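Student: Following this message is one structure expressed as structure tokens.
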Amino acid sequence: ISRIETMRQYITALLEQETLSARDISQLMRIPENDVCDHLEHIKKTLGKHNQQLITTPAQCERCGFIYRKRDRLSKPGKCPICHENLINPPRFHIVINK
């Protein structure tokens, strides 16, 4: 990746290349996971202007397989509403260009 001016532009560039979780991004950028989620919310709002879209693969419970399809928040859920387990695969994000 060439020199990027802001964190949000860097996150956008990462997500244009691969699918990542908020934790993956936080480790790559050395910033807290909650900050990543705040940046993702802003990125999601501004992508429409650039004819792009943030694709979210929803979080899923490892134990029972429950998928968080209707969850609006981009952060990882605490525990499963079905089996109450906290082994949750986090949501993953990718940016695509709308055609």
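Student: Which ones in the stretch 76-96 are touching a Leu at 6+ places or on another chain (Cβ under 9 Å) and closer than 29 Å to LEU47 by Cβ?
Tutor: Correct list: PRO91, ARG92, PHE93, HIS94, ILE95, VAL96.
Student: Taking PHE93 as meeting all but one of (1) in contact (Cβ under 8 Å) with a residue 60 or more places away in the chain; (2) farther than 16 Å from GLU16 by Cα, write down the number of the exception.
Tutor: The single condition PHE93 does not satisfy is (2).
Read-outs throughout are calculated quantities, based only on the coordinates presented, and are distinct from any laboratory measurement. Nothing here was measured: the structure is a model prediction, and the numbers come from that model. In this analysis, Cβ positions are derived from the backbone assuming ideal geometry, glycine residues included, and neighbour counts consider all displayed protein chains.
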